[in-house]
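Novice: Quick one: the structure is below, and I'll ask about it shortly.
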Amino acid sequence: MFTIVSYDIVNDRRRTKAMKLLKGYGTRVQYSVFECDLDARQLGDLQSKLRDIVDLNTDSVRCYVLDALAVQRISIIGIGRVTSDPLYYLVGE
């Protein structure tokens, strides 16, 4: 599932922890926005870990799960491109 995760976390330490966690799940496309390709288990795992990091009274994390048609309709103004898995991987010796 193509998932966009955005966050607004007021504390620097918690924000850094969330950013490092998200780097393990997807690609950072803006300062507080990640694009991730997750299955249902991974999404649940990520949301659980984020709940442990954020302050539910002051912080906000949003996860937008997009279907294939919605992903095709993403438009970008300026630099960047929609994150996608490579068609193939090169494995070295």
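FYI, it's all coordinate maths here, none of it is from the lab. Predicted model, so just to flag it, every value in this text is computed and none were measured. We place every Cβ from the backbone using ideal geometry, glycine too, and count neighbours over all the protein chains shown.
Novice: Which of the residues spanning the stretch 8-31 are of a type outside the set (A, V, I, L, M, F, W, C) and surrounded by fewer than 16 Cβ atoms within 10 Å (Cβ to Cβ)?
Specialist: Residues satisfying the conditions are 8, 11, 12, 13, 16, 20, 23, 24, 27, 28, 30, 31.
Novice: Could you tell me whether any residue of the stretch 41-61 is in a strand (DSSP E or B), touching a strand residue (DSSP E or B) at 6+ places or on another chain (Cβ under 6 Å) and free of Cβ contacts under 8 Å to residues at least 60 places away in the same chain? If you could, list the steps in order and put the result at the bottom.
Specialist: Start the filter on the stretch 41-61 by keeping residues that are in a strand (DSSP E or B), which leaves 60-61.
Imposing the further condition that a residue be touching a strand residue (DSSP E or B) at 6+ places or on another chain (Cβ under 6 Å) reduces the set to 60-61.
So of that shortlist, the ones also free of Cβ contacts under 8 Å to residues at least 60 places away in the same chain come out as 60-61.
Taking every residue of the stretch 41-61 in turn, at least one turns out to be in a strand (DSSP E or B), touching a strand residue (DSSP E or B) at 6+ places or on another chain (Cβ under 6 Å) and free of Cβ contacts under 8 Å to residues at least 60 places away in the same chain.
Novice: Quick test for you: out of 25, 31, pick the one residue that is of a type in the set (Ser, Thr, Tyr) and in contact with a helix residue (DSSP H, G or I) (Cβ under 6 Å, 6 or more places away or on another chain).
Specialist: Working: 31 fails: in contact with a helix residue (DSSP H, G or I) (Cβ under 6 Å, 6 or more places away or on another chain).
Being of a type in the set (Ser, Thr, Tyr) and in contact with a helix residue (DSSP H, G or I) (Cβ under 6 Å, 6 or more places away or on another chain) holds for just one of 25, 31, which is 25.
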